[in-house]
Amino acid sequence: MNVLMFISIIFCQYDFTIGRLKYGGGGDWYTDPSSLPNLLKAVNEQTTIRAAPREEVVEITDPKLFQYPYLYLTGHGNVRFTEEEVKILRNYFAAGGFLHADDCYGMDSSFRREMKKIFPDLPLIELPFNHPI
C-alpha cells in the first residue's frame, strides 16, 4: 500500500471530527479532556454520522484549521487572539465555520473581548428558542 492510499483510507474513515482550538493568553485550552470524546461518542450512537473517537488539536494559524467545520474552545482564565488570528477566525466564520465555546470558569470576559475583535459591529446575543438555526 502506498502512502497516498494509506492517507486516503485514514481520512475517509470518519465523516466528522471536532478541532479543539489551542489558543494563547494563558487560559488552559486543554482542560476537560473527557468532554469531546463523550460528545463524539454520542454523535456516533445517536446519528448516522461517522465521528472520530477523539478530537484533533489545532492552532488558529494552522492551515488545517479550515478542515474542521466545528471548533471547540474551552478553559479557565484568559483567551487572547493575535491580529493575525483575528483575521483568520473572521475568514473561518465567513466560510461557515462553527465555534463551540465552553467556559469552564473565568473565560467569559476575555472570550467576549476577543469575539468583539473578530466581529466589532455584531454584539453577542442570546438566541431565542424559536430562532431558525
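What percentage of the solvent-accessible surface of segment 33-133, computed with a 1.4 Å probe over protein heavy atoms, is contributed by carbon and sulfur atoms?
Exposed carbon and sulfur together represent 56 percent of the surface.
Between the Cα long axis of helix 35-46 and the first principal axis of the chain there is an angle of about 50°, rounded to the nearest 10. Express the Stokes-Einstein translational diffusion coefficient of the chain in µm² s⁻¹, to the nearest whole number, given a Kirkwood radius over alpha-carbon pairs, 25 °C and a viscosity of 0.890 mPa s. D, rounded to a whole number, is 151 µm²/s. How would segment 61-133 be classified by its alpha-carbon gyration tensor: rounded, prolate or oblate, with rounded meaning a/c under 1.5 and the a/b versus b/c comparison settling the rest? Rounded.
In this calculation the C-beta distance from Asp102 to Thr61 is compared with R0 = 22 Å, giving a FRET efficiency of 0.50. Compared with the dominant principal axis of the Cα atoms in the chain, helix 3-12 is inclined by about 60°. Annotation: per residue accessible area for segment 5-128 equals 61 Å², rounded to a whole number [probe 1.4 Å, protein chains only].
The values are calculated or read from the model by the stated rules, or taken from the named source; none is laboratory data. Small disclaimer: the values here were computed from a predicted structure and weren't measured. So basically every Cβ, Gly included, is an ideal-geometry build from the backbone, and we count neighbours across all protein chains shown. Calculation scope for accessible area: heavy atoms of the full protein, side chains included, ligands and nucleic acids excluded. Shrake-Rupley method; radii C 1.70, N 1.55, O 1.52, S 1.80 Å.
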